[in-house]
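Please read the structure below before turning to the comments.
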Amino acid sequence: MKVSTRGRYGLRLLVDLAEHGSDQPVALSQVAGRQDLSEKYLQQVALLLTRGGYLVSVKGAGGGYLLSKTPEQILIYDVFDLLEGNISFVEMPQKEETAIQRCLRIHFFEKLDEKVKETFDGVTLADVTKAEWFTYII
Amino acid sequence: MYLATCRGNCSIRAISDATGISSGYLEQLMIPLKKFGLVESERGVQGGYRIARKDITCSEVLSASEGEFTPTPCQDCKQSDACKAHQIWSMLQDSVVDYTQQVLISTLAAHLVEAEAGGGI
């Protein structure tokens with residue numbers, strides 16, 4: 001499993017908005033500059049996050065993006081799931097699943113997915129932007 | 001995992017039949033597994049492959065065959081100290097690596113034997 005560019009850019013966009021955001025919309029060009037990311041690509045990711053209900057787009061001069069919820073209300077796992085489409089390791093059983101594949105699916109991959117979900121349980125965007133959070137995870 | 005259920009040496013053909021993995025690809029997989037000391041092989045009529053130790057973890061097998069699990073290409077990133085999103089990837093990586101280190105191949109093999117004995121497949 002690899003996290004796609006979309007997943008990485010999307011989370012960095014949210015982290016940046018949570019850290020620098022206020023009541024004023026933030027232009028993507030600012031985020032692109034701060035994060036050293038392509039603005040064009042950020043636009044695509046921002047669109048996806050807007051459709052997913054995490055961002056609000058403000059048009060016009062002084063326009064940009066705002067978080068639609070507080071960072072405390074944004075769950076990292078859910079954002080990740082939206083950006084990646086599907087973040088599980090387990091693959092849907094093929095028509096002819098061998099005994100070994102079945103055993104690995106049930107006893108390894110499904111449990112691995114549960115484990116990842118548990119790890120991120122309750123972790124919000126606010127936790128990520130807090131510096132001290134990092135120390136207690138490690 | 002199949003090898004862990006076998007008593008003696010297993011031929012590539014037998015492993016291929018049981019796993020559905022082509023023999024050519026199995027031969028390739030065996031190279032890193034042998035190199036990391038996870039399987040042993042013997043030549044000759046009674047030859048074949050067998051599991052080298054009973055306490056092999058899934059992590060060891062995955063590291064040998066796929067390399068270290070890294071969900072993002074951030075390792076060489078200059079910003080990783082400043083990048084807060086980086087914490088999320090570390091968390092994901094640690095979670096996966098921890099889990100795979102806990103699961104023994106022999107435990108999975110026991111589940112497999114149990115499922116076959118129960119006729120559940």
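Could you tell me how many of the residues in segment A:111-122 are in contact (Cβ under 8 Å) with a residue 24 or more places away in the chain and crowded, with 18+ Cβ neighbours inside 10 Å?
Adding up the residues that qualify gives 2.
Here is a check on your reading of the model: is B:THR72 β-branched (Val, Ile, Thr), surrounded by 15 or more Cβ atoms within 10 Å (Cβ to Cβ), in contact (Cβ under 8 Å) with a residue 40 or more places away in the chain and at the interface with another protein chain (Cβ under 8 Å from one of its Cβ atoms)?
No, not satisfied.
Could you figure out which of (1) part of a helix (DSSP H, G or I); (2) within 18 Å of the chain's Cα centre (by Cα) isn't true of A:ILE100?
(2)
Listed here are the residues, each with its yes/no results for (1) more than 21 Å from A:ARG8 (Cα to Cα); (2) in contact with a Ser or Thr (Cβ under 9 Å, 6 or more places away or on another chain); (3) within 14 Å of another protein chain (Cβ to nearest Cβ); (4) of a type in the set (Lys, Arg).
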site	(1), (2), (3), (4)
A:LEU47	no, yes, no, no
A:LYS59	yes, no, no, yes
A:ARG102	yes, no, yes, yes
A:ASP113	no, yes, yes, no
A:THR119	no, yes, yes, no
A:THR129	no, no, yes, no
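Go through A:GLY63, A:GLY33, A:GLY53, A:GLY10 for me and flag whichever is surrounded by fewer than 16 Cβ atoms within 10 Å (Cβ to Cβ) and within 14 Å of chain B (Cβ to nearest Cβ). It would help to see each step written out before you state the result.
On the way: A:GLY63 fails: within 14 Å of chain B (Cβ to nearest Cβ); A:GLY53 fails: within 14 Å of chain B (Cβ to nearest Cβ); A:GLY10 fails: surrounded by fewer than 16 Cβ atoms within 10 Å (Cβ to Cβ).
Selected residue: A:GLY33, the only one of A:GLY63, A:GLY33, A:GLY53, A:GLY10 that is surrounded by fewer than 16 Cβ atoms within 10 Å (Cβ to Cβ) and within 14 Å of chain B (Cβ to nearest Cβ).
Open to solvent by less than 60 Å² (accessible area, probe 1.4 Å), more than 24 Å from B:TRP89 (Cα to Cα) and of a type in the set (Asp, Glu): is that true of A:GLU84 in this structure?
Working: open to solvent by less than 60 Å² (accessible area, probe 1.4 Å): yes; more than 24 Å from B:TRP89 (Cα to Cα): no; of a type in the set (Asp, Glu): yes.
In short, no.
The values are calculated or read from the model by the stated rules, or taken from the named source; none is laboratory data. For clarity, every value in this text was computed on a predicted model and none was experimentally measured. For neighbour counting, all protein chains shown are included, and Cβ atoms are generated from backbone atoms with ideal geometry for every residue, glycine included. All accessible areas refer to the heavy atoms of the entire protein, side chains included, with ligands and DNA or RNA removed. Shrake-Rupley method; radii C 1.70, N 1.55, O 1.52, S 1.80 Å.
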